[in-house]
Amino acid sequence: MMALRTGVRLFVGCGRFLRPPSIRTFCVTHRRTAASVTASHKTPRTPDLNSFAFRSHTCGELRPAHVGQEVTLCGWLQYQRHDMFLVLRDFHGLVQVVLPDKVGSQLKERMSAVSIESVLLVKGTVIPRPPGQENLKMATGAIEVQAEEVHVLNTCRKLPFEIKDSVKKSESLRMQYRYLDMRSAHLQYNLRLRSTMVMKMREYLCNQHGFVDVETPTLFKRTPGGAKEFLVPTQEAGKFYSLPQSPQQFKQLLMVGGLDRYFQVARCYRDEGSRPDRQPEFTQVDIEMSFVDQLGIQRLIEGLLRYSWPEDKGTLPDPFPIMTYAEAMSSYGVDKPDTRFQMKITDVTSHVKALSLGFVQEALRKPHGCVKAIRVPEGAIYLKGKALDSVLQTVRDQYKQDVMAVIVRSDGSWKSPLGKNLTEELQKALVRPTEAKAEDLLLLAAGTHDMACTALGKLRLELAALLEDCGVPLRDPNAFHFLWVVDFPLFLPKEESPEELESAHHPFTAPHPDDMELLNTDPAKVRGQHYDLVLNGNEVGGGSVRIHNSEIQCRVLQDILKEDVTLLSHLLEALESGAPPHGGIALGLDRLISIIVGAQSIRDVIAFPKSFRGHDLMSNAPDFVSAEDLRSYHIQVTPEK
């Protein structure tokens, strides 16, 4: 280190963190003591972002009101200009630092050798920018800091990409250098908003409603049904732990234990790879209550979300709307409908069944046969040719359901593959229920109720995306439409073996009270006390009232699901030990935050996410383990055949 005769000092530490001896001297007056922080913690206030730190202010907080103040700033060198200006960046923003004219060439030469993204500490005085040189695009653009001392706390190597939101970089590169990607403004915003919301959720649950935060084990045993679990070997030959998909059994056991109100920000695991809205490891806000019904859980969650909701994202309805599973499937073709736009599915069966159309009559001869339609407003203008044909073919391939497109031309005439069968009588029959107008597109599906609705539900979302690509605003990204979906079937036919049943939610969901008799006679018709919370067409939460009677739980597991009840003997014994009625829910925290901030993937709201294949590209996990290390776990890796 050396003091320059110009009056501005530059301190450089290369290759490692270096704190100049003088930093302690000139920072101590700006640093709040532990005692003062402790004394003030009892009264709510704006967080002190500079307590215990070298700095007196963050880079983004300086304003004209600070003019004349001596400040100490810490941050990363964003860029340099004209050997005279530095732009310093931290998590709070940017500020311009000016080196005075009296600075000599020695300092300029040293600073020119300092690489971008090096870590600096600057001490100086806040001054107004010269008239006409204000930067209205910067929050600190009305002022600058005239440097008195500059310390280089650490230099930076040449980076694989610039730390600017405007610089395009592949997701794989971002994940490989996640510690650099985190410096971007959008990722900083996402992670800090996530932290704020979680803290408010804790306040609401613990301080306002008496919930107890309990950590449950992540080393457990394999459980029947549900998603595929990760196995963890032990040094006992042939014995493995399993990482839990959720704390479901533990939170029910906590209710048996009389804890009454539990929550946890829980880590959960599924060995299913990754998707834009799913990770092998993810986080959920897990909640369970005793002596509660479905409505009680719903009102709790609505209050939780309103309390923790970011102020700049608008207000939430009170209460949230409710829709049955049957209505969701009939009107939207999915059990998580996006209600930000219309294009609902309409039943036109009664309007066309009297017409002698072959495809209609063939559909009506099937059990639950029907004819469904969707009207796409102005769809004839934007959806045509190969783009429309491709989407229709995709639906045919995926759902084995033919969908017919009918175009209403601008002059009011109709065009469809029906040709001469598209009579005036048929047109009138379709106009009444669909309200079709000129330049609209009608999509017709004739078949079983489930297949027709599912196919049109898929089409509805695909066509919405195509219309938005054409500039038609449909789904407002700044609108947040919450919806409860209730009255799900308790069981569904297994895809690979339709004559057998599996749980629609999980095997601990209680049957609907009105359907208890059907549990013995026709379990496929039983509704569950299961409820999903949907936001903008995405499931962000799911829960249920639980089975608290051991006999009913055993019947569901053993007689209906054909599961080995010995795997759950601990839970069945607990239910026999005076288990109270209870219910709960889990909110998918990653998915919820990603929708709030408008992220394309939940990876943009997770500090260290996995890749599409479930890999950590930064550390190259998972990795190989030597045969010697595996020996103590009684495991031997055999080559693939």
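The values are calculated or read from the model by the stated rules, or taken from the named source; none is laboratory data. Note that the structure is predicted; figures quoted are calculated from it, not measured. Positions of Cβ are backbone-derived with ideal geometry, glycine not excepted, and every protein chain shown enters the neighbour counts. Surface areas here come from the heavy atoms of the whole protein model, side chains and all, with no ligands, DNA or RNA. Shrake-Rupley method; radii C 1.70, N 1.55, O 1.52, S 1.80 Å.
Structure data summary
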quantity	calculated
Whole-Hz ³J(HN,Hα) from phi, Karplus 6.51 cos²θ - 1.76 cosθ + 1.60, for the range 628-641, glycine and proline x	5, 5, 6, 4, 5, 9, 6, 10, 10, 8, 9, x, 5, 8
Whole-number D in µm²/s for the range 414-548 (Stokes-Einstein; Kirkwood sum over Cα pairs; 10 °C, 1.306 mPa s)	85 µm²/s
Cα convex hull volume per residue for the range 277-350 (Å³)	176 Å³
Potential lengthening between residue 384 and residue 469 on full extension [0.36 nm per residue; Cα-Cα distance subtracted]	29.2 nm
Alpha carbon centroid spacing (whole Å) that separates the range 301-372 from the range 242-286	30 Å
Sorted peptide list for 255-262, 71-78, criterion being average Cβ within 10 angstrom, highest first	71-78, 255-262
Sequence of 320, 291, 52 when ordered by accessible area, the most exposed leading, probe 1.4 angstrom	291, 52, 320
For residue 232, distant residues with modelled amide H under 5 Å away	241, 242, 243
Tail beyond 15 Å, pair distance distribution of the range 543-597 (Cα, percent)	59 percent
Value of Rg/Rh across the chain [Cα atoms, Kirkwood radius]	1.05
Potential lengthening between residue 423 and residue 411 on full extension [0.36 nm per residue; Cα-Cα distance subtracted]	2.7 nm
Quarter of Cα convex hull surface for the range 114-189, i.e. mean projection, nm²	6.6 nm²
Where GluC sites (Glu not before Pro) fall in DSSP loop in the range 176-263, at most 12 other Cβ within 10 Å	215, 236
Extension gain (nm, one decimal) between residue 361 and residue 195, 0.36 nm per residue minus Cα-Cα	54.0 nm
Among 244-253, 299-308, the order from most to least packed when residues are scored by Cβ within 10 Å on average	244-253, 299-308
502, 281, 144, ranked by accessible area, largest first (probe 1.4 Å)	502, 281, 144
Quarter of the Cα convex hull surface for the range 208-307, i.e. its orientation-mean projected area (nm²)	8.3 nm²
Whole-percent pair-distance distribution, where bins are 10 Å wide, for the alpha carbons of the range 550-641	12, 19, 17, 32, 20, 0
Magnitude of the charge dipole, the chain, Cβ model with Lys/Arg +1 and Asp/Glu -1, debye to 20	2640 debye
Spin-label model distance (nm) - residue 624 vs residue 231, 7 Å beyond Cα toward Cβ	2.1 nm
Computed E for residue 182/residue 133 - FRET, C-beta separation, R0 30 angstrom, nearest 0.05	0.40
GluC sites (Glu not before Pro) restricted to DSSP loop in the range 396-497 with at most 13 other C-beta within 10 Å	435, 495, 496
Förster-model FRET efficiency, 30 Å R0, residue 166 and residue 203, C-beta, rounded to 0.05	0.25
Proximal charge balance of residue 497 [Cβ under 15 Å; K/R count +1, D/E count -1]	-4
Kirkwood-type radius of the range 262-392, with distances r between different C-alpha atoms, in Å	19.9 Å
All Cα pairs of the range 378-478, percent lying beyond 23 Å	28 percent
Value of [θ]222 nm, deg cm²/dmol, for the chain, DSSP H segments ≥ 4, -39500 (n - 2.57) each, nearest 500	-7500 deg cm²/dmol
Inter-label distance for residue 612 and residue 113, nm, one decimal - labels placed 7 Å from Cα along Cα-to-Cβ	4.6 nm
Residue order for 267, 613 - accessible surface, 1.4 angstrom probe, largest first	613, 267
Extent along principal axes [Cα atoms of the range 167-234; Å; largest to smallest]	45, 41, 22
Accessible area (Å², per residue) of the chain, counting only protein heavy atoms and a probe of 1.4 Å	51 Å²
Net +/- balance of residues flanking residue 256 in space, Cβ distance below 12 Å, scoring K and R +1, D and E -1	-2
Cα convex hull of the range 50-185 - mean projected area over all directions, nm²	8.9 nm²
